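Below you'll find the structure, written out as structure tokens, and then a few comments.
Since every read-out is calculated from the coordinates, none of them should be taken as a lab result. Quick caveat: nothing in here was measured; it's all calculated off a predicted structure. Note: ideal-geometry Cβ built from the backbone for every residue, glycine included; neighbour counts use all protein chains shown.
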Amino acid sequence: MMAVPSSRTPLVAMVGGGQLARMTHQAAIALGQNLRVLANAADEPAALVTPNVVIGSHTDLDDLRRVAAGAAALTFDHEHVPAELLEKLVAEGVNVLPPPQALIHAQDKLVMRRRLEALGAPVPRYAAIESLDELDDFAARIDAALVVKAARGGYDGRGVRMASDLAHAREVVGDYLAGGVPVLVEERVPLRRELSALVARSPFGQGAAWPVVETVQRDGICVQVIAPAPELSADKAAAAQRLALRLAAELGVVGVLAVELFETPDGALLVNELAMRPHNSGHWTMDGSRTSQFEQHLRAVLDYPLGDTDAIAPVTVMANVLGAAEQPAMSVDERLHHLFARMPDARVHLYAKAERPGRKVGHINFVGDDLTKLRERAELAAHWLSCGQWSDGWEVHG
Ligand SMILES: Nc1ncnc2c1ncn2[C@@H]1O[C@H](COP(=O)(O)OP(=O)(O)O)[C@@H](O)[C@H]1O
Ligand SMILES: [Mg+2]
């Protein structure tokens with residue numbers, strides 16, 4: 001008997017209810033789907049918009065089973081699900097993408113460093129540290145400023161500490177070790193700037209690379225992304241894309257892979273870290289590329305053919321909207337109103353998150369051809385949405 005084709009749309013389930021899940025749901029709508037999310041609470045960004053919500057914890061096996069039940073694929077908006085739980089889900093037949101043996105390289109900075117080294121990818125000099133003696137040995141060996149990192153659990157620079165000197169590094173390492181946190185220490189790489197090579201890979205093996213971007217960081221948080229990275233030679237951009245596609249294939253990544261890169265003053269590229277999900281460095285694609293990273297991630301985990309990754313304009317600038325140190329008296333609604341009045345070209349994406357200092361609550365894209373002008377506008381707009389102040393003195397009712 002012939003199987004009757006199912007007319008049901010496939011269901012993708014995502015662990016995490018943050019802004020990445022929210023924007024993936026937005027992309028799912030266009031594909032005739034909705035996203036099922038595992039959220040900690042009903043007021044998380046994605047839980048507010050998809051009707052398909054499981055409230056629970058990403059560290060609870062039963063909650064993970066509930067969100068995965070009947071899904072064509074289970075994927076992630078963050079990397080904090082313990083690998084043991086994912087292995088159990090795989091054993092029970094859940095299609096976990098990226099698979100746990102790939103995802104571990106985005107979960108553990110030490111596992112990642114070792115694997116990248118084995119694959120011949122350039123990385124900063126580093127060492128796993130289990131005692132202060134090992135730290136002293138490493139410091140003596142490399143003769144450079146040190147960065148101490150928690151191997152797991154950090155994001156937005158939270159597990160990363162720039163040591164002012166060896167005594168400081170010893171203090172930080174001591175604290176981490178006392179807390180039972182696995183630690184690595186790296187040379188502090190002199191940075192010309194930071195770049196990101198974003199690619200996607202499907203189970204079929206298709207790969208697609210977006211233009212390489214520059215990510216501008218402030219206090220360990222990305223504040224602006226420029227696509228494509230200005231003054232990056234075509235050769236070097238292509239090499240970064242090839243590296244990212246190779247890593248995606250060698251690690252068995254399915255979905256979007258972000259390869260965060262350091263560019264040194266002499267022009268060398270080193271891999272900083274990997275993320276296996278839609279990434280902040282790809283938010284520009286929502287307005288600046290033919291295919292957004294969110295749609296591409298869905299296409300990849302569903303093994304659909306991937307979409308065109310070309311930029312639609314010479315330059316796109318993305319600015320993150322961060323919660324201000326002091327929440328402005330003016331409501332978000334009113335700030336948005338004034339932003340649109342001044343800048344009709346602003347492409348705004350808000351996450352419906354409460355404003356807290358330094359928290360990513362949205363982003364704004366500007367698409368065009370004048371890099372300097374777009375960067376200025378992005379900076380002004382993001383600062384306005386954060387603080388309710390125009391940093392160039394523009395008068396709202398002037
Ligand atoms: N070895 C290093 N040398 C110089 N800067 C670094 C180094 N490691 C991290 N940083 C800085 O800290 C930021 C956050 O580090 P990262 O390892 O990416 O942690 P997170 O997981 O929090 O994103 C980087 O984007 C970079 O600006
Ligand atoms: Mg990072």
**Asked** Between Gln101 and Val181, what is the label-to-label distance in nm when each label sits 7 Å out along the Cα-to-Cβ direction?
**Response** 3.1 nm
**Prompt:** When a footprinting reagent is the concern and you count Cβ atoms within 10 Å, what order do Phe294, Phe204 take, fewest first?
**Reply:** Phe204, Phe294
**Complete:** For region 220-261, the percent of all C-alpha pairs falling in each 10 Å bin, from 0 up to the bin holding the max distance, is 23, 46, 30, 1
**Fill in**
Checked against the positive end of the charge dipole of region 234-297 (+1 on Cβ of Lys and Arg, -1 on Cβ of Asp and Glu, about the Cα centre), the farthest of Thr264, Ser281, Leu251 is Leu251
**Item:** region 65-138: GluC sites (Glu not before Pro) falling in loop per DSSP and having at most 12 other Cβ within 10 Å
**Value:** Glu92, Glu130
**Asked** Among Val315, Val181, Val213, what is the fewest-to-most ranking by other Cβ atoms within 10 Å?
**Response** Val181, Val315, Val213
**Item:** Global geometry of region 152-198, whether rounded, prolate or oblate, following the gyration tensor of its Cα atoms and the 1.5 cut on a/c
**Value:** oblate
**Message:** Counting only Cα atoms, I'd like the Rg/Rh figure for region 190-312, Kirkwood definition for Rh.
**Reply:** 0.95
**Prompt:** Which residues in region 42-83 place their backbone N less than 12 Å from a point set 7 Å from the Cα of Ala91 along the Cα-to-Cβ direction?
**Reply:** none
**Request:** Could you work out the local net charge near Glu379, counting Lys and Arg as +1, Asp and Glu as -1, over the other residues with Cβ closer than 13 Å to its Cβ?
**Result:** +2
**Asked** Taking one equal scatterer on every alpha-carbon of region 11-96, how large is log10 of I(q)/I(0) by Debye at q = 0.13, 0.15, 0.19, 0.26 1/Å?
**Response** -0.34, -0.45, -0.72, -1.30
**Message:** Taking 0.36 nm per residue of sequence separation and subtracting the Cα-Cα distance, how much length would be gained by fully extending the chain between Asp235 and Lys373, in nm to one decimal?
**Reply:** 47.0 nm
**Prompt:** Tell me, what is the Rg over Rh of the chain, with Rh the Kirkwood radius over Cα pairs?
**Reply:** 0.97
**Complete:** Subtracting the Cα-Cα distance of Ile221 and Ala30 from 0.36 nm times their residue separation yields 65.7 nm
**Request:** Specify which residue in the list Leu89, Thr24, Leu135 is farthest towards the positive end of the charge dipole of region 1-158, using unit charges on the beta carbon of Lys, Arg (+1) and Asp, Glu (-1), about the Cα centre.
**Result:** Thr24
**Fill in**
Per the Cα gyration tensor, region 184-243 corresponds to an equivalent ellipsoid with semi-axes, largest first in Å, of 23, 15, 13
**Complete:** Ordered by number, the chymotrypsin sites (Phe, Trp or Tyr not before Pro) in region 310-398 that occupy a DSSP loop and have at most 15 other Cβ atoms within 10 Å are Trp394
**Prompt:** region 196-297: which trypsin sites (Lys or Arg not before Pro) are DSSP loop and have at most 15 other beta-carbon atoms within 10 angstrom?
**Reply:** Arg290
**Message:** For the chain, set up a GNM with springs between Cα atoms under 10 Å and report which of Met112, Met276, Met343 has the largest fluctuation.
**Reply:** Met343
**Alpha-carbon spread of region 315-397, three principal axes, descending order, Å** = 34, 28, 18
**Item:** Computed E for Tyr304/Leu336 - FRET, C-beta separation, R0 41 angstrom, nearest 0.05
**Value:** 0.75
**Item:** Distance in nm between pseudo-label sites at Leu132 and Arg158 (7 Å out along the Cβ direction from Cα)
**Value:** 2.8 nm
**Message:** Per DSSP helix of 4 or more residues, -39500 (n - 2.57); summed, then divided by the residues of the chain. What does that give at 222 nm, rounded to the nearest 500?
**Reply:** -10000 deg cm²/dmol
**Request:** Give the Rg (one decimal place) followed by the Dmax (whole number) of region 98-167, computed from C-alpha coordinates and expressed in Å.
**Result:** 13.2, 40
**Asked** When the chain is fully extended, how far beyond the present Cα-Cα distance does Arg246 get from Ala167, taking 0.36 nm per residue of separation?
**Response** 24.5 nm
